[in-house]
Amino acid sequence: MRRAPGEGQLRPGRAWAALLSVAVTLSCAAAVAAEKGGAALEAGPVADPERLRAFYTAPPAIPHVVTSMGSGECATCHGDVRELGERSTVETPHPELRNCSQCHVGVQSLNEGLEVAQVVNSWRGLEFPGEGRRAHDWAPPVVPHRFFFRENCNSCHGSDNARVAMRGPHPERSSCLQCHAFDMGAEF
Amino acid sequence: MSISRRIFLTRAARAAALAAVTASVPSLASAGAITGPSAEPTDGLAWDKAPCRFCGTGCGVMVGTKNGRVVAIQGDRDNPVNRGLLCVKGYHVGMALYGADRLTRPMLRKGGRLQPTSWDKAVDVVARAMMTDHDSFGIYGSGQWTITEGYTAMKMLKGGMGSNHLDPNARLCMASAVVGLVTSFGVDEPAGCYDDLDACDTVVCWGNNWAEMHPVLFSRFVDRRNKHEKITLIDISTRYTRSSEAADHYLEFVPHTDLAIANCICGQLLERGSWDKDFVASKVRFKANDGSDLSIDQYRDFLAAYTPDKVSKLSGLPVGQLEMLADVFGDPDRKVVSLWCMGVNQHTRGTWMNNLIYNVHLLSGKICKPGSTPFSLTGQPSACGTCREVGTLAHALPGGRVVKNAEHRQQTEDMWNTRPGAINATPGYHAVAMFRALASGDLKGVWVQVTNPAHSMPNLNETLANASDRFVVVSDVYPTATTAVADVVLPSAMWVEKNGVFGNSERRTQQWFKQVEPPGEARDDVWQMLAVAHRMYELGFEGMKARDGRFLLAIRDEEGREIETWRWEVFQRVNVDRVLFEEYRAFTTKKHKDIAPYQEYVKAHGLRWPVVQDDKGEWKETARRFVENEDPYVENGAGVDFYMAKAGDGKAIAWARPYEPPPESPDEEYPVWLCTGRVLEHWHTATMTRRVPVLNNAMPRSYVELNPDDATEMGVSSGDKVRIESRRGSVVLPAWVRGRSRPARGSVFVPFFEETRLINAVTLDEYCPMSKEPDYKKCAVRLEKVS
Amino acid sequence: MPVSGLVVSTKKGKAPAVAERLRALDRVQVTDLLRDSLVLVTETDSREADKALWSMLESVEDLVELSLIYHNFEDLGDGSDPGLCGEERA
């Protein structure tokens, strides 16, 4: 995977709270306070994928350089789980939607060396659900998230998924919905 | 009971009930729920619908609020426009409310600086200024105005002050489309709808990059390939974009020669005999540019100048591509949708180019059929609903009426209950003229609402000259380039902080309710206008008196009692949006643009007008206009009827519009074409989107995009600073080569969103003489590497 | 004018739909939309009108339960028994 030095690091934390301490007034009279992005995105699996989302169920931003014009090449890596050295890719849960760049944008997707004016925004996004609830300790947990856009269980819970914590403990069973019920209250 | 006591009691009622329900009153609905260790993610979360705040696609959005704030956004799965999908701006539209420098207090400029003040004071200052200069004061409005905001401005300025100096930023975006539709069909707004994208087999794009600008419509079409449908996308463009990448055919033409290309297709249809003879004979008339009638043979003679050979030389398209276009349109079995937006509209012959695309569809009979239609895409969320339908233009009145027509003026005066003769018969300044008049002093003041002309007007150095010497009032939500020159800044409520209605590209009117409170002292634009108008009335301004001497902009309840909506605490208790919407409705029937009662829009996920009641009393929308069995105004047996044709014959007009060179082309001194436009991540002048971290991080700054071969010759690589200079001004930008798009050789592209590097200092302020819309897509520049 | 605060319980997931139906009614203001419940404030001319309105509300589709939490009719002045008077029900 290519990483550009100086590529911006998204601030950690579940909620997209105020990003940097540098406030920017975007008016003609004021200069834009520019700051080069922080340390390069760490090598290795994206530890906290939630920080790529502005709120629970928002489409995640792309944590790597994207050089193609449109969306044609995304499927090369994200059409399936692909191993790339020590990393592997996330398989898209919605392959039927092909115009990837419509919803998934990069971070400092322009060439390296450009300054990014960070903006202060008090947004606090909807929290991510915790683990699925269980009726008793041995019951299969209820699916705690919505089904829409997450119909392909394998894309996040497959046994070769990059995020080890998300891998399902019994990959030999493929009929997930046989035991794991949906909470229609989560289906907004 | 006094109003304040009543307000207190209703608040107490709500507080008590809310306390009861949030203290976990057990309810039947949740009986049997699993109890478990973690809190449900949707606790306390409320969802309500709204159309997206951004583009003219008009996607349905579900807004998730909790504790008085927006916390999540989803696509509205029940909305037929987008069926649950959004684009990156739409997914993050809720964040636009929370930038740290949101305007929250009214401000007056004193000693060169903006100082906070009270609403009473600000309203008084504005009212007095408007009274003093009442015939040389303008309102510059917006295609992002809600319907009732535009309506209130009309009533205030045109009805109350007798001034027609009211024009919207949509003049810079849709004016050519409007005049094109009116000259070709006698009435504004497209006949087709988005359903045609599902039914067609071919889409032809004329100079628009819908993959970035109308992404949800783009994916609606291209995702049909997943179902193994055979569809064809033809991209006729001056640069290779994300849309081109998805196209089956990419046709790169010399800027402005689109006029010739369209005429070439028409010429070929006639020459090959592949035009729809029956349709043309019964539904189409031909006219020369001067308005005289033409026979089809005379029209054919006119087209002799546009043979494939000649047009190929002019436009740069190979003959084979021109013939391919003629094949496509000449095939009677093919269902073709043409789409266009700013490439065609922001054009010094934009009206003509709109007419010419209609000619192609009229000659080939590909109109008013499912999957076959020329469809003009709208840029802003309510350029249709507000500017075009409410008529917030210098020459117009609501519902398709015009100030020049005495009967229209009288109807409007009667409906508004103004003094007779209140409305001025002379059209006022259109957008570019308005700012030129401000520069020269012919206009003394302007109230700018929901738009940012100090960033978006062309040839900024001239157009905005002296703006800071004039009296400028700005209603907005963030500091902008325009608030920087304002004398009065009024903080406004935005989007779901107020009730509102928008109308999108496919004539779909969509309503939403207020869901969160505006911050600080920000208040609705409608309230601001009511307050200023009432202050003028209090100060004795005659124009603000209705026929009976009472306040012209009074809002009355069902029993006819006046509600003091100029008082903010009262305004908030009443759904003023609903009252004004119902008042505006009465205007819409004249040109068969009927809209339904407000409640229908509450229940629906938008409705496409004309919306008419059937015999069971149900309100039914119209998918396609002018077509029997779909449009209620077409009689049985009529087939297709362009019932608003000026001549009354139900026919559309095919205008013989010629090719004419652009006013400024590259020459020795300035050898490069400059095209400007938008990018996916940013909306217009980015005053909202640059304050959204996701969007700002995705596209943090502007650039100049060069053709790779040109860049190599210049010795420029990505990141190098380049000066772009025209006869009017210059700007320095970093280069981007092999980025998101590829300009043709000898041309560059610059997105216009960046406030600190205003490309509009470079652009040209020439406009289409019919529509008055400027051409942002082509002017001549020179490039110089500066680092 | 009697002012009342009510809590409505709806069928699961139906709160937005019920809210829309209720917003279409006169004299009824939907002030809060929660998961499967709504808070309403109503205002009528008399207690009879109150009762007629509430009976009508109970028949709204997908509405499961209607609870009166707050009721103030202080301006009626008909000397009637105060009854429930703005007391919160926990």
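The values are calculated or read from the model by the stated rules, or taken from the named source; none is laboratory data. Quantities reported herein were computed from a predicted structural model and do not represent experimental measurements. Cβ sites come from the backbone with ideal geometry, for glycine too, and all protein chains shown count toward neighbours.
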Would you check which residues across the stretch B:572-585 are farther than 19 Å from B:Glu389 by Cα and buried (at least 22 other Cβ atoms within 10 Å of the Cβ) and list them? B:Val576
What's the total number of residues in the stretch B:610-640 that are under 25 Å from B:Gly365 (Cα atoms) and either in the same structural domain as B:Ser282 (by TED's automatic domain parsing) or in a loop (DSSP other than H, G, I, E, B) (or both)? 19
What number goes with the only condition from (1) in a helix (DSSP H, G or I); (2) closer than 19 Å to B:Pro453 by Cβ; (3) of a type in the set (D, E, K, R) that B:Asp710 does not pass? (2)
Selection status of B:Thr42, modelled with pLDDT of 95 or more, polar (S, T, N, Q), touching a helix residue (DSSP H, G or I) at 6+ places or on another chain (Cβ under 8 Å) and assigned to a loop (DSSP other than H, G, I, E, B): no
Give all pairs with beta carbons closer than 6 Å in which a residue from the stretch B:508-521 that is surrounded by 19 or more Cβ atoms within 10 Å (Cβ to Cβ) meets a residue that is small (Gly, Ala, Ser) and in a strand (DSSP E or B); count only pairs at least 6 apart in sequence or on separate chains. B:Thr509/B:Gly503; B:Trp512/B:Ala50; B:Trp512/B:Gly500
Helices (runs of 4 or more DSSP H) wholly inside the stretch B:395-495 that include at least 2 residues being of a type outside the set (S, T, N, Q), closer than 19 Å to B:Phe753 by Cα and within 14 Å of another protein chain (Cβ to nearest Cβ): B:453-456
Which one is surrounded by the fewest Cβ atoms within 10 Å (Cβ to Cβ), of the residues in the stretch B:92-123 that are in a strand (DSSP E or B) and more than 9 Å from every other protein chain (Cβ to nearest Cβ)? B:Arg113
Scope the stretch C:1-19; condition surrounded by fewer than 18 Cβ atoms within 10 Å (Cβ to Cβ) and under 15 Å from B:Gln599 (Cβ atoms); matching residues: C:Ala17
Answer yes or no: is there a residue in the stretch A:120-140 that is surrounded by fewer than 19 Cβ atoms within 10 Å (Cβ to Cβ), at pLDDT 80 or above and either more than 8 Å from chain B (Cβ to nearest Cβ) or farther than 27 Å from B:Ile73 by Cα (or both). yes
Determine whether B:Arg723 is surrounded by fewer than 23 Cβ atoms within 10 Å (Cβ to Cβ), away from chain A (no Cβ under 11 Å), at pLDDT 95 or above and touching a Lys or Arg at 6+ places or on another chain (Cβ under 9 Å). yes
Could you list, in sequence order, all residues of the stretch B:230-286 that are surrounded by fewer than 18 Cβ atoms within 10 Å (Cβ to Cβ), away from chain A (no Cβ under 14 Å) and touching a Ser or Thr at 6+ places or on another chain (Cβ under 8 Å)? B:Thr232, B:His249, B:Ser274
Specify which of the listed residues (B:Tyr659, B:Tyr643) is in a loop (DSSP other than H, G, I, E, B), more than 30 Å from B:Val216 (Cα to Cα) and in contact with a helix residue (DSSP H, G or I) (Cβ under 7 Å, 6 or more places away or on another chain). B:Tyr659
Restricting attention to the stretch B:201-237, and to residues there that are under 16 Å from B:Glu506 (Cα atoms) and either of a type in the set (Lys, Arg) or not in a helix (DSSP H, G or I) (or both), which single residue is modelled with the highest pLDDT? B:His214
Any residue in the stretch C:48-77 that's farther than 24 Å from B:Arg6 by Cβ: show its pairings with residues that are among the charged types (D, E, K, R) and not in a strand (DSSP E or B) at Cβ separation under 7 Å, as long as the two are six or more apart or on different chains. C:Val60/C:Arg21; C:Glu61/C:Arg21; C:Asp62/C:Lys11; C:Asp62/C:Lys14; C:Val64/C:Lys11
Evaluation of B:Val344 against (1) more than 19 Å from the chain's Cα centre (by Cα); (2) assigned to a helix (DSSP H, G or I); (3) in contact (Cβ under 8 Å) with a residue 24 or more places away in the chain (one fails), failing number: (1)
Any hit, the stretch B:206-223, residues being more than 30 Å from B:Gln449 (Cα to Cα), out of contact with any helix residue (DSSP H, G or I) (no Cβ under 6 Å at 6 or more places or on another chain) and either surrounded by 24 or more Cβ atoms within 10 Å (Cβ to Cβ) or without any contact (Cβ under 8 Å) to a residue 24 or more places away in the chain (or both): yes
Going by the conditions given, is B:Arg728 over 25 Å from A:Val119 (Cβ atoms), touching a residue at least 12 places away in the same chain (Cβ under 8 Å) and not in a strand (DSSP E or B)? yes
Can you tell which of B:Gly428, B:Gly400 is at pLDDT below 95 and either buried (at least 23 other Cβ atoms within 10 Å of the Cβ) or not polar (S, T, N, Q) (or both)? B:Gly400
Does the stretch B:711-719 contain at least one residue that is surrounded by fewer than 20 Cβ atoms within 10 Å (Cβ to Cβ), touching a Pro at 6+ places or on another chain (Cβ under 7 Å), within 14 Å of another protein chain (Cβ to nearest Cβ) and not basic (Lys, Arg)? yes
Just to be sure, is C:Val28 within 7 Å of chain B (Cβ to nearest Cβ), at pLDDT 85 or above and buried (at least 16 other Cβ atoms within 10 Å of the Cβ)? no
